[in-house]
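Here is the structure we will look at, set down as structure tokens.
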Amino acid sequence: MEITWLGHSCFLIKGKEKTIITDPCHPDLGYRLGEPEADIVTMSHFHPGHSYIEGVANEPKQIKRPGEYEIGGIFITGVATFHDDKKGELKGKNTIYVIEIDGITLCHLGDLGHPLGPQLVEEIGDIDILFLPTGEVSTIPVDTAVEIVRQLEPPIVIPMHYKTEAFNGEFSPVDKFLDKMRIRELEAKPKLSITSSSLPTPTQTVVLNYSKP
């Protein structure tokens, strides 16, 4: 499997048979997707920064809400959550996606806006790779992000949804999360290539460079 970060919360996940794109973002955010092709697109909520389906080629299957899905041997579970800590009263709903592909289980938190209680931890289950929002604005505080890593104990954590040179909003930089995790001198990678047999122990954080097309 090969994972490339296209900016914000958008990742291109290339499996052996299928390609998935998560939360495609509108170019107004500063990121350019370059019209990548995909078989499946997941959207955590319907804000332009997370649901720009027009930016994806190949007329992919769209998954937009909680539920269980099976597409070409890929199993996806959408878990209902909220975009804020007031049960959606402020910003609405959010969907976490748990994706099983090539023997690896991925978890994309979208714009999760609250801590994970025991029931949600159980629903998510055992995962291998966690896509974690760490920029704080419009999603969880960085302390909550660190706590979620402790709760889920994934072999790999990939930060997302943080301030970059391409997107200079009010988000926190990824360094704030890395400091809280006591990680020093971490070199960003252009992409992550991983197999089920090469997953690390204990948890490792992988920072990906924004891949401009």
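Only the coordinates and a few stated rules stand behind these numbers; no lab work does. Not measured: the values here are computed from a predicted model. No Cβ is skipped: glycine too gets one built from the backbone with ideal geometry, and neighbour counts run over all protein chains shown.
For a 25 Å ceiling on Cα separation, which of these pairs sit above it: 189/212; 18/163; 93/191? Could you put the intermediate results ahead of the total?
Working: 189/212 13 Å; 18/163 30 Å; 93/191 30 Å.
Check vs 25 Å cut-off fails for 18/163; 93/191.
Expressed in nm to one decimal, what extension gain is obtained for the pair residue 165 and residue 193 from 0.36 nm per residue of sequence separation less their Cα-Cα distance?
Values: separation 28, 0.36 × 28 = 10.08 nm, distance 2.45 nm.
Extra length available between residue 165 and residue 193 comes to 7.6 nm.
Skipping prolines and chain starts, which residues have an amide H placed within reach, meaning under 5 Å, of the one on residue 31, given they are 5 or more residues away or on another chain?
When sequence neighbours closer than 5 places are left aside, there are no close amide H contacts.
When the gyration tensor of the stretch 1-108 is built from Cα positions, what are the square roots of 5 times its three eigenvalues, in whole Å, from largest to smallest?
Working: eigenvalues 90, 65, 24 Å².
Taking √(5λ) for each eigenvalue gives 21, 18, 11 Å, largest first.
In the chain, what percentage of the DSSP-assigned beta bridges are antiparallel, given to the nearest 5?
On the way: 29 of 48 bridges.
Of the beta bridges lying entirely in the chain, close to 60 percent run antiparallel.
On full extension of the chain, what length is gained from residue 151 through residue 203, given 0.36 nm per residue of separation minus the C-alpha to C-alpha distance?
Values: separation 52, 0.36 × 52 = 18.72 nm, distance 1.17 nm.
Gain in length upon complete extension: 17.5 nm.
What GluC sites (Glu not before Pro) in the stretch 137-174 are in a loop by DSSP, with at most 14 other Cβ atoms within 10 Å of the Cβ?
On the way: sites: 147, 165, 170; in loops: 165, 170.
Qualifying residues, ordered by number: 165, 170.
Which distance in nm do the two modelled labels at residue 85 and residue 180 give, with both placed 7 Å along the Cα-to-Cβ direction?
Between residue 85 and residue 180, the label points sit 1.1 nm apart.
Work out, step by step, the length gained on full extension between residue 58 and residue 17: first 0.36 nm times the residue separation, then minus their alpha carbon distance; give nm to one decimal. Please list the in-between numbers first.
Numbers: separation 41, 0.36 × 41 = 14.76 nm, distance 1.48 nm.
Computed gain between residue 58 and residue 17 is 13.3 nm.
For the chain, divide the Cα radius of gyration by the Kirkwood radius and give the resulting Rg/Rh value with two decimals. Walk me through the numbers before you get to the answer.
Numbers: Rg = 15.5 Å, Rh = 16.9 Å.
Rg/Rh for the chain comes to 0.92.
Which listed residue (50, 79, 129) has the Cα farthest towards the positive end of the charge dipole for the stretch 2-205, taking +1 on Lys and Arg C-beta and -1 on Asp and Glu C-beta about the Cα centre?
50
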